[in-house]
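The values are calculated or read from the model by the stated rules, or taken from the named source; none is laboratory data. Please read all numbers here as calculations on a predicted model, not as lab measurements. Glycine also receives a Cβ, built like all others from the backbone with ideal geometry; neighbour counts cover every protein chain displayed. Side chains included, ligands, DNA and RNA excluded: accessible areas come from the protein's heavy atoms. Shrake-Rupley method; radii C 1.70, N 1.55, O 1.52, S 1.80 Å.
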Amino acid sequence: MPPSCVNGGGAGSILRLAAVPVCEQEIGLGRENLPVLKLWSARPGEILTAIDPERGCYRVRLTELGENPLGVPFARLSRQIESRLSIEVYQALPEKERFELILQKLTELGAARIVPLETSRSISRSERDATQAKSHRWPDIVLRAAKQCRRAMLPELFKAASFSDTMQLAAGAELKLMLYEGEETWSLSEALGRLRPENVALLVGPEGGFTGIEVAEARAAGFLPVSLGPRILRTETASIAGVTLLQGLLGDLG
Ligand code: SAM
């Protein structure tokens, strides 16, 4: 069984308003939103982003968090806060605190899913935790970043996956790209051509790179190797640059 999502992220984490609100008027948020408010560790007085039935995005000040939660929508955002592009990142676990950096930045950049991946040349989650027991903090890093950048949805954060689990988790993606520093690869924009997918899986390798077997396995699973240019980037740079480029070419960055 591939690992599951650990933070309740995804479409189910969106605070949904039952009707188009009038700004500055207190409204009931509905008992159905209680689990969502819990996912966001919401507190009275805190501000979250909510979406109305017409996909309008609002900043809402939470005024009451009991059985019947209340809030005051006070500002309508001029643009959709969540990208049309759903980016799933399968990230080989790096050493030290780099995964925390990746979690924070990919959340800000609008990734929809982040899966830590254990490859032949990457550190495992248990090895990581043996030196720095920090993986329990990962959901909180995602939550804080999502609040800070005003996202309406928490990206899905998964438990660490093996390489073959990853191939299964990414199986449904419309387009699958593997960041690969080998010379015989296309650039990201060449690989996209005229494609305008709404869902892309991005596989990012560890400090030591993918093994030949992993490259072959990923290719067989439909991943297209793509290059980010002539320089060898650190894995966290590659991840952030890859998501930035995808969001710029197909999503809402720029
Ligand atoms: N195997 C390499 C070596 O030791 O020379 C280095 C791997 S690199 C530090 C870590 C990961 O970042 C790679 O597996 C790849 O996914 C991604 N990456 C780094 N630079 C890249 C580039 N120029 N194009 C595409 N992917 C890159």
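Quick notes on this one:
- Segment 135-140 - phi-based ³J(HN,Hα) in whole Hz, Karplus 6.51/-1.76/1.60, Gly and Pro as x: 5, 5, 8, 4, x, 5
- Computed 3J(HN,Hα) for segment 60-75, one whole-Hz value per residue from the Karplus formula 6.51 cos²θ - 1.76 cosθ + 1.60 where θ = phi - 60°, is 10, 8, 7, 10, 8, 10, x, 4, 10, x, 10, x, 10, x, 10, 8, glycine and proline marked x.
- Think of each Lys and Arg Cβ as +1 and each Asp and Glu Cβ as -1; about the Cα centre, that makes the dipole of segment 1-160 roughly 340 debye.
- The chain - percent of accessible surface contributed by carbon and sulfur, probe 1.4 Å: 50 percent
- Of Leu48, Leu233, Leu177, the one that fluctuates the most in a GNM where the chain has Cα springs shorter than 10 Å: Leu233
- Each stretch of four or more DSSP H residues adds -39500 (n - 2.57); spread over every residue of the chain, this sum gives -8000 deg cm²/dmol at 222 nm.
- For segment 45-196, the equivalent ellipsoid derived from the Cα gyration tensor has semi-axes of 32, 22, 12 Å, listed largest first.
- Note that segment 176-181 has calculated 3J(HN,Hα) couplings of 10, 10, 10, 6, 9, 8 Hz, one per residue in order, obtained from phi through the Karplus relation 6.51 cos²θ - 1.76 cosθ + 1.60 (θ = phi - 60°); glycine and proline are x.
- Percent of C-alpha pairs per 10 Å bin in segment 40-89, short distances first: 24, 44, 26, 7.
- Under a 5 Å amide H cut-off, with hydrogens placed 1.01 Å from N, Ala161 pairs with Leu117, Glu118 among residues at least 5 apart or on other chains.
- Accessible surface comparison of Met153, Met178, probe 1.4 Å, protein chains only, largest first: the order is Met153, Met178.
- Residue-level accessible surface for Lys176, protein heavy atoms, 1.4 Å, Å²: 30 Å²
- For the set Trp138, Trp186, solvent exposure ranked by accessible area (probe 1.4 Å, protein chains only) runs largest to smallest as Trp186, Trp138.
- Extension gain, Lys96-Arg84: 0.36 nm per intervening residue step, less the Cα-Cα distance, totals 1.1 nm.
- For the pair Glu207 and Ala171, a Förster radius of 35 Å applied to the C-beta separation gives a FRET efficiency near 0.85, rounded to the nearest 0.05.
- For Ala111, no residue has an amide H sitting under 5 Å from its own, ignoring neighbours fewer than 5 places away on the same chain, with H placed 1.01 Å from N.
- Nearest-0.05 FRET efficiency for Asn68 and Leu249, computed from C-beta distance (R0 41 Å): 0.40
- Acute angle (nearest 10 degrees) that the helix 98-108 long axis makes with the longest principal axis of the chain, alpha-carbon atoms: 50 degrees
- Between Val20 and Arg144, the contour length at 0.36 nm per residue exceeds the Cα-Cα span by 41.9 nm.
- Seen against the Cα atoms of the chain and their longest principal axis, helix 235-250 is set at about 60 degrees.
- For Leu15, the residues 5 or more places off, or on other chains, whose built amide H falls under 5 Å of its own are Ile51.
- Pairs beyond 23 Å (Cα-Cα), from Lys147/Lys176; Lys105/Lys147; Lys96/Lys159; Lys134/Lys176; Lys105/Lys134: Lys147/Lys176; Lys134/Lys176
- Hull shadow area, averaged, the chain [alpha-carbon convex hull, nm²]: 14.1 nm²
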